[in-house]
Structure formats: C-alpha cells, structure tokens
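The block underneath contains the structure these notes are about, expressed in structure tokens.
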Amino acid sequence: MSSNAPHPAAKPSRGARLVLVALGVLLAALAIFGIVRRVQARHQLTEDTDRNAIVTVATISPKASPKDAQVYARTTGYVAKWYVDIGTKVKKGQRLAELDTPDVDNQLLQGKAQMRTDQANEAFAKVTADRYAKVAAQGLVAQQTADQYMAQYRADVATVQADQANVARLQSLEDFKHIDAPYDGIVTQRNLNIGALVDAGASGSNLFVIADTSKLRVYVDVPETYASSVRVGMPADVSLKTYGAKPIAGTVARTADALDPNTHTLRTEIDVDNAGQSLVPGVYADVKLALSTATRNYVVPANTLLFRSEGLRVAIVDGQQRIHLQPVTLGRDFGSTVEITDGLTDNDHIVLSPPDSLYEGQQVKVAEPNAAQRQRSH
C-alpha cells in the first residue's frame, strides 16, 4: 500500500464538542436575557406613563368650610349671659348668648305709648269726620269743613301706620337681644364676656364664629397646561401629612372658569367630606387630580433650545444622522431645564448646545456622550 494514500478526517474530540455546546447555551442565554430586559423596560415605560398621568398640581391649605359665620350683635347692649364656648357643638337656633338692652327697651315702650296716643286721635278723627260728612250732606255746614275733617282723619291713619312700623322695628331690635346659632356647627371663637358693651352691626367685634366643618373646602391653583382637563365632579386625592399617608377622597365642586392673569393658573375648589369631624381646617396638604393632556410634557436642558426668527426650535438627529429643526412649545422654566409641552416624542435625539449655524437636513456625526452628559440624561 502506498504511503501517500489520504487519511480520514479527524473527528472533534469530546472536549471540543462540550465547548461548542457551552457556547451555544451561552449565546441562547444572552439572547433570552436581552429579550427579558427589553420586555421589562417596556413594562417600566408603561408604568411610568400611567403614573405620570396623575399630576401633583399644588400644595395648599384647606380653608375653614363652606359655612363659616361670624356672629355679630344686631342691637346695642351689654352681655347678660353666654351659654357656649369654643369647641361646643351647636344646633341651628340654639341660644348662644343674651344681651341686656335698656335703651332699646325704653324706646320700645315709648313707641308703643306714642302709637296708642295716635290710635286714640285716629278714632276721634274718624268719628268727627263721619259726623261732619252727614251734616254737610244735609246742607247745614259747608262741604269745605267736612273735607277738612276727612283729611285730618286720613292724616291720623297715616300717623298710626308710621307708629306701627316704628314699633315693629324696635320689637325686632328687642328680639335681637337673644343671640342664636344660624346653623349646625362648632363654635371656633368666643369674643365676649359678661358685662361687656357690644355695638350693633359689623362695626363692632364679632361675638362668636361658628363653622360647619362637616365638609371642608380646599382651594388649589391648577397650572395652565392642565386647566382644560379640570371638570366639575371629577375625583381628587387630598393627602394631609399630619393625618397619615392614606389620601382622602374629594370631589371638584367648582372652578373659576378663568385663568389668573398673574399666575396663569385656574383656581379650583375641592370639597372633602368631613362628617366624622376627623379633619380640622387650616392644615397643609397635597392634591392630586387625574388629569390628562393631548400631548406628553418633557423636561430638557435649557441649552438645547434654538431661538430662531421663525420661532422656538430644538435640533433633532434623525435615523440618517441629519438635523431636523423641530418646532416646540415652551412650558414652565425651571432654570437649568425647561418644560416642553408640544413637539417632542420619546424617541427623539436632541442636540446639546447646538451651534446657531445648524440648518435643516445638515449631515452630522453623533459623538459619544461623556460621563457628565450621561448623568444629566438620567
């Protein structure tokens, strides 16, 4: 047999086969790991989008309540008695205090006495007018005389009517010596003491302050971007740090339907049920409203903006490494960053510190971001 005959091909050793299998398993694991990471990233993006739909719009202080009445004296007098103090729960019509009104008492007595005098004069004038009317009809006296007595009677009738109005006014002032609660609520202030002189009307100090805290009224200023999404009746979450982390449900009761010219915010009122009297007015809180906008808002560095004669632009690099000058709408200014309310998407690649010489369609080369830029992007 010749020594030049070809030898059969050598088969891979057992160790080589194990290496190939291990490489295949490793590549499959890397592929699966990459798919899992991509799915997780997509789920995370969805969760972030849903979470951002609930916008924290302001930090506010709930006002006292829809019913917060300052009770004043309607008549002048001295405090004779008071029956309630701060923290007392009262019912509508419940007696709060009583005043001693000697001046009004005497004026009422004088007015009633004057009315009785004028009523007697009226009765006498009626008898006289009727008598002269009969005599004048018989031609025994002139008709002029009968007409004079009839006019006197009518004047006395008007005088009695004026007396009745005056007595009614004084009687009302007399009745106002009794201070009653205007509605159910809690006394939050008491500003009187026995023997103190109180003046009628709002010119004097209030005697009591009564608040109906069964429903609290919360005021919040919604930014202009979200103002169009606020609707009466929509739910709201009110978080009060002094009452734990669990939010309290509220409802948008009304809005101003106009933006404040200075702050460009929409004043919104939210009613919070407080039937259990567990909340007190005056605490600070955060309000969350489930608002949505037609576009998503983005925050970008302020040095990405291009101020052109045709309007505000940002330079975006497309898939062909060319520049597109994208029109954008500016929102809030945070100093080193700004809010863009329209014109951007999640997949845009924005040029940092773009030179003014950039033009539409210009070919560019994207540089690798440095450590500071990567940190700022996160």
I need the full set of residues from the stretch 328-372 which are of a type in the set (Lys, Arg) and within 28 Å of the chain's Cα centre (by Cα), in order please. ARG332
When the residues of the stretch 137-154 are filtered to those that are free of Cβ contacts under 8 Å to residues at least 12 places away in the same chain and among the aliphatic types (A, V, I, L, M), which remaining residue is surrounded by the most Cβ atoms within 10 Å (Cβ to Cβ)? VAL141
If we keep only residues of the stretch 219-251 that are under 16 Å from the mean Cα position of the chain (by Cα) and among the aromatic types (Phe, Trp, Tyr), then the residue nearest to ASP333 (Cα to Cα) is TYR226
What pairs can you find where one residue is in the stretch 102-124 and without any contact (Cβ under 8 Å) to a residue 40 or more places away in the chain, the other is among the hydrophobic types (A, V, I, L, M, F, W, C), and their Cβ atoms are less than 7 Å apart, with a gap of 6+ or different chains? GLU122/VAL157; GLU122/VAL160
Checking LEU306 against (1) part of a strand (DSSP E or B); (2) more than 21 Å from GLY233 (Cβ to Cβ); (3) aliphatic (A, V, I, L, M); (4) in the same structural domain as LEU216 (by TED's automatic domain parsing), which single condition isn't satisfied? (4)
Answer residue from the stretch 21-72, given it is at pLDDT 70 or above and surrounded by 11 or more Cβ atoms within 10 Å (Cβ to Cβ) and is farthest from TYR243 (Cα to Cα) among those: TYR72
Residue set ALA125, ALA120, ALA168, ALA129; condition under 30 Å from GLN70 (Cβ atoms), at pLDDT 90 or above and either part of a loop (DSSP other than H, G, I, E, B) or in the same structural domain as LEU108 (by TED's automatic domain parsing) (or both); output residue ALA168
Search result, residues across the stretch 250-264 that are among the aliphatic types (A, V, I, L, M) and either in contact with a strand residue (DSSP E or B) (Cβ under 7 Å, 6 or more places away or on another chain) or part of a loop (DSSP other than H, G, I, E, B) (or both): VAL252, ALA253, ALA256, LEU259
Quick check on THR225: is it surrounded by 15 or more Cβ atoms within 10 Å (Cβ to Cβ), polar (S, T, N, Q), in contact with a Gly (Cβ under 7 Å, 6 or more places away or on another chain) and at negative phi? yes
State all residues of the stretch 189-218 that are among the β-branched types (Val, Ile, Thr), more than 30 Å from the chain's Cα centre (by Cα) and surrounded by 14 or more Cβ atoms within 10 Å (Cβ to Cβ); if no residue qualifies, say none. VAL198
Residue hits (the stretch 358-377; among the small types (Gly, Ala, Ser) and either modelled with pLDDT under 85 or not assigned by TED's automatic domain parsing to the domain that holds LEU305 (or both)) are ALA367, ALA371, ALA372, SER377
Looking at the stretch 265-281, can you tell me whether even one residue there is of a type outside the set (A, V, I, L, M, F, W, C), touching a residue at least 60 places away in the same chain (Cβ under 8 Å), surrounded by fewer than 16 Cβ atoms within 10 Å (Cβ to Cβ) and not in a helix (DSSP H, G or I)? yes
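The values are calculated or read from the model by the stated rules, or taken from the named source; none is laboratory data. Being a predicted model, the structure only gives us computed values, none of them experimental. Positions of Cβ are generated from backbone atoms using ideal geometry, with glycine treated the same way; all protein chains shown enter the neighbour counts.
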